[in-house]
Structures are given as C-alpha cells and as structure tokens.
Amino acid sequence: MVRILALGSNSGGQLATGDTEDRHHAAVCSFEPGSESVAEDAGAWAVCGGGNHAFLWSSDGRQLFGCGYNSSGELAVSSDATRRELKWRRVELPDGCEAVRKVACGWSHTLLLGSNGR
C-alpha cells in the first residue's frame, strides 16, 4: 500500500487523515475505500498542497487524488461547496486529458497541466 505521511494544519481535511484534527507529528494518510489497491500499482507519487486542500498524482500521471475542503470546487469531486474529503479520493481526469504532467494548488484553486499540453 502507498504510505503517505502528513502533519500540520488540517481544518479542511487536507492531510487526508480521516478527520480535521491538526497534527503536530507525522500521521499516516488514508485513502477512500477501494482506492488503496489502485494507488499501490502506480509506483512513484508527487504531492501538492493548497490552502485547505491537496493533490496526489502518480508518476505516469494516470491517477489523480484530492483531499480537503472543496469550498470553490478545487477538488473537482462535487458541486457541494461545503463538502470536505477527509481521505484521498480519486479524481477523474478531465475530458481529453490522458494523464497529468503537473499540478499546482493555490489557496482555493487547482491547476492541472495534461500530458498533451491541455
């Protein structure tokens, strides 16, 4: 299983620990049920943190996960602005994007650069 550790502020659930408690020591992150085996097959990973959300993606760019607060739709998982994802949740790649090359997280937004430059 992929093992990711996180610490610090967690008011939006951005540490993916399953709750919103701040962590003063490294804590193991959690994945939504069923995502663990998918995540395990991808090899190396990259992470990016924003104001109250974070993204995780595989080195081949074909797997993308988000967690934390979705107040402005920055997770692309729901139209519910009050929703918090407290565990890493798989995010579908946008239409026309086969893989993600880079991810940048701002305070309340996320930018994805696809492998095809889109």
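What follows is calculated from the coordinates using simple rules that are stated; it is not laboratory data. These numbers come from a predicted model, not from an experiment. Cβ coordinates were reconstructed from backbone atoms using ideal geometry, including for glycine residues, and neighbour counts include every protein chain displayed.
Site pair Arg83 and Ser11 shows an inter-label distance of 2.3 nm when each label is modelled 7 Å from Cα along Cα→Cβ. Here the label points at Ala104 and Ser59, each 7 Å from Cα along the C-beta direction, are separated by 2.5 nm in the simple model. Using the alpha-carbon positions of the chain, Rg (one decimal) and Dmax (whole number) come out as 13.2, 41 Å. The charge dipole of segment 50-118, taken about the Cα centre with unit charges on the Cβ atoms of Lys, Arg (+1) and Asp, Glu (-1), comes to about 160 debye, rounded to the nearest 20. Under 5 Å from the amide H of Lys102 lie the amide H atoms of Leu113, each residue being 5 or more positions distant or on a separate chain, with H modelled from the backbone and absent for Pro and chain starts. Around the Cα centre of the chain, unit charges on the Cβ atoms of Lys, Arg, Asp and Glu (plus for the first two, minus for the last two) sum to a dipole of about 240 debye. Place a label point 7 angstrom from the Cα of Val28 along the Cα-to-Cβ direction, then list the residues of segment 75-109 whose backbone nitrogen is under 19 Å away. Answer for segment 75-109: 86-89.
Adding -39500 (n - 2.57) for every DSSP H run of four residues or longer, then dividing by how many residues the chain holds, sets the calculated 222 nm ellipticity at -1000 deg cm²/dmol.
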